[in-house]
Amino acid sequence: MADGGAMFGAIPKRAWQRKYGADEDNLCRLALRCLLLISDSRKILVDTGIDPNRLHEIPYYQPHNNINLSDELAAYGLKNEDITDVILSHLHFDHCGYVCHKEADGRISPSFPNARYWLSRKQWDNCLNPNRLEAASVFKEDIQFLSDNNKLALIDEDVLLDKNIHLRLFDGHSQGQIVVYANMNGEVYTFPGDLIPTAAHVALEWISAYDICALSSLNEKLRFLSEAADNGYTLIYCHDVRKEKGKVKRLNGNFISV
């Protein structure tokens, strides 16, 4: 659950509530959606959600019905040890709160011990010297552990991770956020993360108050959505509890989810 006013920023409640309901405390029910990609040589996880054992650290957001990611992988016949790559869209706790976990004796261990963790250098720099708006949103000790154990792979520009999987950088919500593009059987699926967290946020002006730079978010959304609309990409929405995925199209100088 997250506050609707924070989630939809300057958009009046009478407008956003028509698309995304809220309870009497103004809280919206959101998803914490990750993505599993399997290629010939890789088993890739995009974001990790939150460790169920750490929900007490973020009581303000009232997380509930959190699914153990290890159990979800088991449903596909996979173990945590099978994951070869973990792509971190950005370092906010709801997207990478399970990169590591604590053992019974308090030691930190990587949740996916054989994986390489992909992160933008801008995100790493912000982890080391966080701005005031994001400092409380990052589990810094986890990311530092990955770095100390040579598990971080930092990127400074767009990269091709696999012949069909492209990592591209976007600013706005957070500097250096990774958006994943996956070409599957001739169709491109994208995971825009918090650049466009729900289908309601496809409209250019619908920008979350959590975004550190609203104008940058708008320009980056325009860059991403123009390409997505022109090429028929499918967007997978990380926080939309009602709509898992969809395409976008232009409408009167703006964009809508279809």
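The values are calculated or read from the model by the stated rules, or taken from the named source; none is laboratory data. Source: prediction; values computed, not measured. When we count neighbours, we look across all protein chains shown, and the Cβ atoms used for this are built from the backbone with ideal geometry, even at glycine.
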**Asked** Restricting the search to the stretch 146-174, which residues are under 28 Å from LYS102 (Cα atoms), assigned to a loop (DSSP other than H, G, I, E, B) and either hydroxyl-bearing (Ser, Thr, Tyr) or touching a helix residue (DSSP H, G or I) at 6+ places or on another chain (Cβ under 9 Å) (or both)?
**Response** LYS151, SER174
**Message:** Which residue is nearest to ASN65 (Cα to Cα), if the candidates are limited to the stretch 1-37 and must be at pLDDT 95 or above and part of a strand (DSSP E or B)?
**Reply:** LEU35
**Request:** Scan (1) of a type in the set (Asp, Glu); (2) surrounded by 19 or more Cβ atoms within 10 Å (Cβ to Cβ); (3) farther than 30 Å from TYR76 by Cβ for the single condition ASP47 breaks and write down its number.
**Result:** (3)
**Item:** Within the stretch 1-55, tally of residues that are of a type in the set (Ser, Thr, Tyr) and either in contact with a helix residue (DSSP H, G or I) (Cβ under 9 Å, 6 or more places away or on another chain) or within 13 Å of ASP240 (Cα to Cα) (or both)
**Value:** 2
**Asked** Going by the conditions given, is ALA182 more than 14 Å from the chain's Cα centre (by Cα), closer than 16 Å to ASP47 by Cα, not in a loop (DSSP other than H, G, I, E, B) and not hydroxyl-bearing (Ser, Thr, Tyr)?
**Response** yes
**Request:** Would you check which residues across the stretch 143-166 are acidic (Asp, Glu) and within 21 Å of PHE191 (Cβ to Cβ) and list them?
**Result:** ASP156, GLU157, ASP158, ASP162
**Prompt:** What number of residues within the stretch 92-116 are outside any strand (DSSP E or B) and touching a Pro at 6+ places or on another chain (Cβ under 9 Å)?
**Reply:** 3
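Could you tell me whether any residue of the stretch 67-81 is of a type in the set (Phe, Trp, Tyr) and either closer than 28 Å to ARG121 by Cβ or without any contact (Cβ under 8 Å) to a residue 60 or more places away in the chain (or both)?
yes
For the subset of the stretch 190-223 comprising residues that are among the aromatic types (Phe, Trp, Tyr) and under 15 Å from the mean Cα position of the chain (by Cα), which member is surrounded by the fewest Cβ atoms within 10 Å (Cβ to Cβ)? Quick ask: steps written out before the conclusion?
From the stretch 190-223, those among the aromatic types (Phe, Trp, Tyr) are 191, 206, 210; that's our starting set.
Filter once more, keeping what is under 15 Å from the mean Cα position of the chain (by Cα): 191, 210.
Values: PHE191: 25, TYR210: 19.
Among those that are among the aromatic types (Phe, Trp, Tyr) and under 15 Å from the mean Cα position of the chain (by Cα), it is TYR210.
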